[in-house]
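Colleague: So that we are looking at the same thing, I have put the structure below in structure tokens.
The values are calculated or read from the model by the stated rules, or taken from the named source; none is laboratory data. It should be emphasised that the depicted structure is a prediction, and the values quoted were computed from it without experimental measurement. When we count neighbours, we look across all protein chains shown, and the Cβ atoms used for this are built from the backbone with ideal geometry, even at glycine.
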Amino acid sequence: MLPKAAIFDLDGVITQTALVHEEAWKEMFDEYLRLREKRDNEPFKEFRKPKDYLEFVDGKPRYEGVKSFLESRNIKLSFGDPTDKPGKETICGLGNKKNERFLEVLQKEKPKVYENAVDFIKALKSKGVKIGVASSSKSCKPILETAGLLDLFETRVDGVISAELGLTGKPEGDIFTTAARNLGAEPLESMIIEDAVSGVQAGRNGSFGLVLGVARRDNEEELARQGADIVVSNFANINVELIDDWFNRKAIPLFSAWEKIDKSYKDKVVDFEQDEKILVNSYYKRSVKDALFSKEKIIFFLDYDGTLTPIVERPDMAKISDSMQDTVKKLAQKFPVSIVSGRMREDVQSLVGIKDLFYAGSHGFDIKGPNFEVIQPKAKEVIPLVTKIITDLHSKLDKIEGVIIEEKKFSVAVHYRLVKEEDEIKKIKELVDSIISNNKENLKLLSGKKVFELLPNMEWDKGKAIRWITESMKVDWQTTSIVYIGDDTTDEYAFSAIRTRGTGILVSEEDKHSLAHFKLDSPKQVRELFEQIIKK
């Protein structure tokens, strides 16, 4: 199974212009720092290649790179305006001076291309994978035109388009997720290819199915540490077949991998390393024991339906058992626990019935925890539309036997588990598709286990809810292990958000592809895991 889309960074991935950028940054910053030495008697501390380039400016939008480096030298300047003259003593002025230097070089010589990167793009295209380019650079289009590569890409999201759309730059995933959706693909079913630390972080933050790091500077371990799933130094070391294998990999049965991972079972591990030319993130080689207990603290994030309770025919029948509730209480006495559910927050809070937990309802739009609560403002704006759609759904679907319309504050879910006739299910799907088609700007569709859910069309999901909670808790990823347990499609966003720095656990009897690393068969096994952890 190949990804639907592959989104490539430009500088350092496709073209060798990263080195030109680096030199332009050094010339501009050193010139400015010399000015401050002469004018203000400040000690001159040069812009170091490649250290300062990689740490402060690589992959970031131009003005963000200026700001980041200057802050490292304790220099504060006003932002200025993007129209500032090159060299004006503002963030924009210095950024424009750097761009002027870069374009001078570009006009003198054609950008060099990594030919095996182009070969890899063509190989993916030949298999039907849609190709996009996403770059922070405002020079992306002229570089591709000069190199004769513009026609390779079906969409381009660069610094110019980012500014027009108001996208947040790396390490947020906006430019990549925008490119993927321009191609009709969700990030989870797509891959990104990046050489910058901020870029691989953006891939993980954007919930991509594969983040492929390209280590042009012998920085394989750093790219893996920051979020790359696989790292190569050269595209000659990877091929379409390996990408297909990646998107077919399955979660590992948890209890059989408690002490070590059995490499004899093909689907249990990702074992792509060949002749040390491919680095697979060590995250994928850990036993359960190492994954859970290698750090000082553990924080748990738990789905409700299908995780703490079995999947049942009707949502109102999903009651947590006394034994599970008691076990979760004991777990919460030892570790911070958050419940992240597609249900309304008040609903799941009442069902779980345990005080002092974090509760994230409606896929994270509505979050409440000890001493604070937040509702996503944009989600509030959709409430009148959702109310209208609920009325429409009732008028057109109430006569279908078995259909359940679950009304929520920010969304509506149409359950068809009890609908027996295929023609009726088809009718439900056509109606839902029609509603989404007529409200593309405001609504999106999530398909789960025998359910269609219509919810606000915004960059928010369970993964982003977890990021928000961990940031509010000031989680130190160096000392804290994050565990997320869930069973459905919407939980894949959460698995993606924590992978390579936390532990995703899928609840499923079926062996299936997932971004979770481990698998439990049932809520009963979830409780058994909790009991084992509580004893530690």
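Colleague: Do we find a residue being buried (at least 18 other Cβ atoms within 10 Å of the Cβ) and within 13 Å of Thr15 (Cβ to Cβ) anywhere in the range 195-202?
Modeller: Narrowing the range 195-202 to residues buried (at least 18 other Cβ atoms within 10 Å of the Cβ): 195-202.
Restricting the remaining residues to those that are within 13 Å of Thr15 (Cβ to Cβ) gives 195.
So far as the range 195-202 goes, yes, one or more of its residues are buried (at least 18 other Cβ atoms within 10 Å of the Cβ) and within 13 Å of Thr15 (Cβ to Cβ).
This table checks each residue for (1) modelled with pLDDT under 90; (2) of a type outside the set (Gly, Ala, Ser); (3) within 24 Å of Gly203 (Cα to Cα).
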position: Ile428; (1), (2), (3): no, yes, no
position: Lys444; (1), (2), (3): yes, yes, yes
position: Glu453; (1), (2), (3): yes, yes, no
position: Glu509; (1), (2), (3): no, yes, no
position: His513; (1), (2), (3): yes, yes, yes
position: Glu528; (1), (2), (3): no, yes, no
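Colleague: Moving to a separate point now. Could you say whether any residue in the range 285-297 is over 25 Å from the mean Cα position of the chain (by Cα) and either in a helix (DSSP H, G or I) or under 21 Å from Lys519 (Cα atoms) (or both)?
Modeller: Yes, that holds for at least one residue.
Colleague: Given the residues Glu46, Glu104, which is the only one that is acidic (Asp, Glu) and without any contact (Cβ under 8 Å) to a residue 12 or more places away in the chain? Even if it seems obvious, please write down each step before you answer.
Modeller: Working: Glu46 fails: without any contact (Cβ under 8 Å) to a residue 12 or more places away in the chain.
Criteria check complete, one pass: Glu104.
Colleague: Can you name the helices (runs of 4 or more DSSP H) wholly within the range 372-464 that have at least 3 residues being over 19 Å from Ala494 (Cβ atoms) and among the aliphatic types (A, V, I, L, M)? Can you show your working first?
Modeller: On the way: elements: 377-381, 383-397, 422-438.
So the answer is 383-397, 422-438.
Colleague: Of the residues Tyr63, Tyr53, only one is of a type in the set (Ser, Thr, Tyr), outside the structural domain of Ser514 (by TED's automatic domain parsing) and under 17 Å from Asp158 (Cβ atoms); which? Quick ask: steps written out before the conclusion?
Modeller: Details: Tyr53 fails: under 17 Å from Asp158 (Cβ atoms).
Exactly one of Tyr63, Tyr53 is of a type in the set (Ser, Thr, Tyr), outside the structural domain of Ser514 (by TED's automatic domain parsing) and under 17 Å from Asp158 (Cβ atoms), namely Tyr63.
Colleague: Which one of these does Asp244 not meet: (1) assigned to a loop (DSSP other than H, G, I, E, B); (2) surrounded by fewer than 16 Cβ atoms within 10 Å (Cβ to Cβ)?
Modeller: (1)
Colleague: Would you pick out the residues in the range 386-395 that are within 20 Å of Lys444 (Cα to Cα) and out of contact with any Phe, Trp or Tyr (no Cβ under 8 Å at 6 or more places or on another chain)?
Modeller: We begin by selecting, within the range 386-395, every residue within 20 Å of Lys444 (Cα to Cα); these are 386-394.
Result: Thr387, Lys388, Ile389, Ile390, Thr391, Asp392, Leu393, His394.
Colleague: For the range 128-161: of the residues being in contact with a strand residue (DSSP E or B) (Cβ under 9 Å, 6 or more places away or on another chain) and assigned to a helix (DSSP H, G or I), which is farthest from Leu103 (Cα to Cα)?
Modeller: Leu152
Colleague: Could you pull out the residue among Lys444, Lys464, Lys450 that is outside the structural domain of Glu313 (by TED's automatic domain parsing) and under 21 Å from Lys378 (Cα atoms)? Steps first, answer last, please.
Modeller: Numbers: Lys464 fails: outside the structural domain of Glu313 (by TED's automatic domain parsing); Lys450 fails: under 21 Å from Lys378 (Cα atoms).
Matching residue, one of Lys444, Lys464, Lys450: Lys444.
Colleague: Among the residues of the range 185-217, write down those that are more than 21 Å from Ile278 (Cβ to Cβ) and assigned to a loop (DSSP other than H, G, I, E, B).
Modeller: Step one: list which residues in the range 185-217 are more than 21 Å from Ile278 (Cβ to Cβ), which gives 185-189, 198, 202, 205-207.
Matches in the range 185-217: Ala185, Glu186, Gly206, Ser207.
Colleague: If you check every pair at least six apart or on different chains, which have Cβ atoms under 6 Å apart with a residue in the range 129-156 that is without any contact (Cβ under 8 Å) to a residue 60 or more places away in the chain first and a residue that is of a type in the set (S, T, N, Q) and surrounded by fewer than 20 Cβ atoms within 10 Å (Cβ to Cβ) second?
Modeller: From the range 129-156, the pairs are Thr155/Asn182.
Colleague: To continue, here is another question. Are any residues in the range 362-371 in contact with a Phe, Trp or Tyr (Cβ under 9 Å, 6 or more places away or on another chain) and either part of a strand (DSSP E or B) or surrounded by fewer than 17 Cβ atoms within 10 Å (Cβ to Cβ) (or both), and if so, which ones? Before you say what the answer is, go through the steps one by one.
Modeller: Residues of the range 362-371 in contact with a Phe, Trp or Tyr (Cβ under 9 Å, 6 or more places away or on another chain): 362-370.
Asp366, Ile367, Lys368, Gly369, Pro370 - these are the residues of the range 362-371 that are in contact with a Phe, Trp or Tyr (Cβ under 9 Å, 6 or more places away or on another chain) and either part of a strand (DSSP E or B) or surrounded by fewer than 17 Cβ atoms within 10 Å (Cβ to Cβ) (or both).
Colleague: Assuming Tyr63 fulfils every condition listed in (1) within 13 Å of Phe29 (Cβ to Cβ); (2) not in a loop (DSSP other than H, G, I, E, B) apart from one, which condition is it?
Modeller: The number of the failed condition is (1).
Colleague: Quick check on the range 307-350: of everything there that is touching a helix residue (DSSP H, G or I) at 6+ places or on another chain (Cβ under 8 Å) and of a type in the set (D, E, K, R), which residue is nearest to Val374 (Cα to Cα)?
Modeller: Only one residue fits best here, namely Arg345.
Colleague: A follow-up question, please. Residues of the range 330-358 being more than 19 Å from Val412 (Cα to Cα) and touching a Gly at 6+ places or on another chain (Cβ under 9 Å), which ones?
Modeller: Ser338, Ile339, Asp356, Leu357, Phe358
Colleague: Looking at the range 103-136 only, could you name the residues that are at pLDDT 85 or above and polar (S, T, N, Q)?
Modeller: Those that are at pLDDT 85 or above and polar (S, T, N, Q): Asn116, Ser126, Ser135, Ser136.
Colleague: On the given criteria, is Arg499 of a type in the set (Lys, Arg) and more than 24 Å from Ser321 (Cβ to Cβ)?
Modeller: Details: of a type in the set (Lys, Arg): yes; more than 24 Å from Ser321 (Cβ to Cβ): yes.
Judged against the criteria, Arg499 is a match.
Colleague: Filter the range 6-18 for residues that are outside any loop (DSSP other than H, G, I, E, B) and either more than 15 Å from Ala123 (Cβ to Cβ) or touching a Phe, Trp or Tyr at 6+ places or on another chain (Cβ under 7 Å) (or both) and give the result. Working first, answer last.
Modeller: Taking the range 6-18 and keeping what is outside any loop (DSSP other than H, G, I, E, B), we get 6-8, 11, 15, 17-18.
Hits for the range 6-18 are Ile7, Asp11, Thr15, Thr17, Ala18.
Colleague: Tell me, please, whether a residue that is touching a Phe, Trp or Tyr at 6+ places or on another chain (Cβ under 8 Å), surrounded by fewer than 21 Cβ atoms within 10 Å (Cβ to Cβ) and under 30 Å from Ile131 (Cβ atoms) can be found in the range 69-81.
Modeller: No, the range 69-81 contains no residue that is touching a Phe, Trp or Tyr at 6+ places or on another chain (Cβ under 8 Å), surrounded by fewer than 21 Cβ atoms within 10 Å (Cβ to Cβ) and under 30 Å from Ile131 (Cβ atoms).
Colleague: Please find, among Gly80, Gly169, the residue that is assigned to a loop (DSSP other than H, G, I, E, B) and either within 24 Å of Leu19 (Cβ to Cβ) or touching a strand residue (DSSP E or B) at 6+ places or on another chain (Cβ under 8 Å) (or both).
Modeller: Numbers: Gly80 fails: either within 24 Å of Leu19 (Cβ to Cβ) or touching a strand residue (DSSP E or B) at 6+ places or on another chain (Cβ under 8 Å) (or both).
Testing whether each residue is assigned to a loop (DSSP other than H, G, I, E, B) and either within 24 Å of Leu19 (Cβ to Cβ) or touching a strand residue (DSSP E or B) at 6+ places or on another chain (Cβ under 8 Å) (or both) leaves just Gly169.
Colleague: Answer yes or no as to whether Asp174 is surrounded by fewer than 24 Cβ atoms within 10 Å (Cβ to Cβ), in contact with a Leu (Cβ under 8 Å, 6 or more places away or on another chain) and charged (D, E, K, R).
Modeller: Values: surrounded by fewer than 24 Cβ atoms within 10 Å (Cβ to Cβ): yes; in contact with a Leu (Cβ under 8 Å, 6 or more places away or on another chain): yes; charged (D, E, K, R): yes.
The answer is yes for Asp174.
Colleague: Residues Thr500, Thr479: which one is of a type in the set (S, T, N, Q), within 14 Å of the chain's Cα centre (by Cα) and surrounded by fewer than 24 Cβ atoms within 10 Å (Cβ to Cβ)?
Modeller: Numbers: Thr479 fails: within 14 Å of the chain's Cα centre (by Cα).
Testing whether each residue is of a type in the set (S, T, N, Q), within 14 Å of the chain's Cα centre (by Cα) and surrounded by fewer than 24 Cβ atoms within 10 Å (Cβ to Cβ) leaves just Thr500.
Colleague: Every residue in the range 110-162 that is surrounded by fewer than 17 Cβ atoms within 10 Å (Cβ to Cβ) and touching a Cys at 6+ places or on another chain (Cβ under 8 Å), please.
Modeller: The one that is surrounded by fewer than 17 Cβ atoms within 10 Å (Cβ to Cβ) and touching a Cys at 6+ places or on another chain (Cβ under 8 Å): Val160.
Colleague: Right, something else. Among the numbered conditions (1) over 19 Å from Lys408 (Cβ atoms); (2) not in a strand (DSSP E or B), tell me where Phe301 comes up short.
Modeller: The one condition Phe301 does not meet is (2).
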